[in-house]
């Protein structure tokens, strides 16, 4: 399955709900009237694109259709507006350069987002690229969490550092990163327990994990990934804000995009957070975590046909 086929299938529920509401609006050969823009606005909001992103998309579609040099149809104008919004807001945040091995990634998120399986898929991606990977099991509270991560490590060809259930997560992180540094592995992926972003004490514990990692490698973690569940819709925006305030995020990972009709939350997060989306989960298979491509997302959301060569 090609990259476009994966993202298109992942967005199928969102696209069917979204485009289905706009069949009359996007009929070829007809100009948009004010009622059509009202229908487009309602469809964007129902897809959980959010008010800020919706307003900007409508402005850009209006501008494109008024531009005498624009030769496409209204659907093309919307597709281009979606891709442009994503590109403009994917502002890379400065990441500390690694002074040596390993590159350390701290992975965080609330309960139930698919964080542990996301780490396994990332590990598989790096292993297939020829890199050595160490997983650090800092979720010491959830029953059998480390066991689950150890099974994944074996399947994808990564090594793992774990301690007994109930151990201090910061101590596990410190030891794991120290081992990764001593072994000069290429990548260390630090798994953490799911945290409710509104619980200050749990967020403080994550901040402690981050601090102790820096005691081993001063510039680490080199990136902090937040895993969000697309089915959560606008609540994902609030989660992203809270985790960013506490930890300073590098990029986002959106999982379960294939399980919701509200895949437009990707645009809402982009417009409000101005933070890059690194990966999207479009299925349960190990190859179903794919690098995010704004143009492919826009094409799959609006047109559902591979872009012309």
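The values are calculated or read from the model by the stated rules, or taken from the named source; none is laboratory data. If you're wondering where the values come from, they're calculated on a predicted model, not measured in any experiment. Methodologically, a virtual Cβ is constructed for each residue, glycine included, from the backbone with ideal geometry; neighbour enumeration extends over all protein chains shown.
Enumerate the pairs (first residue in segment 11-30 and crowded, with 18+ Cβ neighbours inside 10 Å; second residue anywhere and at pLDDT below 80) with beta-carbon separation below 6 Å, excluding pairs fewer than 6 apart on the same chain, so at least 6 apart or on different chains.
15/304
If residue 297 meets every condition in (1) crowded, with 21+ Cβ neighbours inside 10 Å; (2) under 19 Å from residue 110 (Cα atoms) apart from one, which number is that one?
Status for residue 297: all satisfied but (2).
Restricting the search to segment 268-279, which residues are in contact with a strand residue (DSSP E or B) (Cβ under 9 Å, 6 or more places away or on another chain) and closer than 19 Å to residue 50 by Cα? Walk me through how you get there before you give the answer.
Let us first name the residues in segment 268-279 that are in contact with a strand residue (DSSP E or B) (Cβ under 9 Å, 6 or more places away or on another chain), namely 269-270, 273, 275-279.
Within segment 268-279, 269, 270, 273, 275, 276, 277 meet the criteria.
In contact with a strand residue (DSSP E or B) (Cβ under 8 Å, 6 or more places away or on another chain) and closer than 23 Å to residue 25 by Cβ: does that describe residue 265?
In short, yes.
Kindly indicate which of 72, 100 is modelled with pLDDT under 90, under 22 Å from residue 44 (Cα atoms) and outside any helix (DSSP H, G or I). Give the derivation first.
Numbers: 100 fails: under 22 Å from residue 44 (Cα atoms).
Going through 72, 100 in turn, the sole match is 72.
What is the one condition in (1) surrounded by fewer than 19 Cβ atoms within 10 Å (Cβ to Cβ); (2) touching a helix residue (DSSP H, G or I) at 6+ places or on another chain (Cβ under 9 Å); (3) outside any loop (DSSP other than H, G, I, E, B) that residue 180 does not satisfy?
(1)
If you take the residues in segment 157-169 that are at pLDDT 95 or above and either more than 26 Å from the chain's Cα centre (by Cα) or surrounded by fewer than 20 Cβ atoms within 10 Å (Cβ to Cβ) (or both), which one is nearest to residue 211 (Cα to Cα)?
Kept after step one, since they are at pLDDT 95 or above, are these residues of segment 157-169: 157-161.
Retained after the next criterion (residues that are either more than 26 Å from the chain's Cα centre (by Cα) or surrounded by fewer than 20 Cβ atoms within 10 Å (Cβ to Cβ) (or both)): 157, 159.
Working: 157: 28, 159: 23 Å.
Going through the qualifying residues, I end up with 159.
Tell me whether segment 271-290 contains one or more residues that are touching a residue at least 24 places away in the same chain (Cβ under 8 Å), closer than 26 Å to residue 103 by Cβ, part of a helix (DSSP H, G or I) and within 15 Å of the chain's Cα centre (by Cα).
Looking for residues that are touching a residue at least 24 places away in the same chain (Cβ under 8 Å), closer than 26 Å to residue 103 by Cβ, part of a helix (DSSP H, G or I) and within 15 Å of the chain's Cα centre (by Cα), one finds at least one in segment 271-290, hence yes.
Out of segment 198-231, which residues are more than 24 Å from residue 188 (Cβ to Cβ) and over 13 Å from the mean Cα position of the chain (by Cα)? Steps first, please.
From segment 198-231, those more than 24 Å from residue 188 (Cβ to Cβ) are 198-201, 229-231; that's our starting set.
198, 199, 200, 201, listed by residue number.
Of all residues in segment 157-177, how many are outside any loop (DSSP other than H, G, I, E, B) and in contact with a strand residue (DSSP E or B) (Cβ under 8 Å, 6 or more places away or on another chain)? First the steps, then the outcome.
Kept after step one, since they are outside any loop (DSSP other than H, G, I, E, B), are these residues of segment 157-177: 159-161, 169-177.
If we keep only those that are in contact with a strand residue (DSSP E or B) (Cβ under 8 Å, 6 or more places away or on another chain) too, we end up with 159-161, 172-173, 175-177.
Qualifying residue count for the region: 8.
Yes or no: segment 128-145 includes at least one residue that is within 14 Å of the chain's Cα centre (by Cα), in a loop (DSSP other than H, G, I, E, B), over 20 Å from residue 248 (Cα atoms) and touching a residue at least 12 places away in the same chain (Cβ under 8 Å).
Looking for residues that are within 14 Å of the chain's Cα centre (by Cα), in a loop (DSSP other than H, G, I, E, B), over 20 Å from residue 248 (Cα atoms) and touching a residue at least 12 places away in the same chain (Cβ under 8 Å), one finds none in segment 128-145, hence no.
Determine if segment 188-197 includes at least one residue that is farther than 21 Å from residue 279 by Cβ, in contact with a strand residue (DSSP E or B) (Cβ under 7 Å, 6 or more places away or on another chain) and buried (at least 18 other Cβ atoms within 10 Å of the Cβ).
no
Scan segment 126-156 for residues that are at pLDDT 95 or above and under 15 Å from residue 225 (Cβ atoms) and report the count.
Adding up the residues that qualify gives 4.
Identify, please: which residue in segment 220-268 is free of Cβ contacts under 8 Å to residues at least 60 places away in the same chain and crowded, with 24+ Cβ neighbours inside 10 Å and is, among those, farthest from residue 287 (Cα to Cα)?
236
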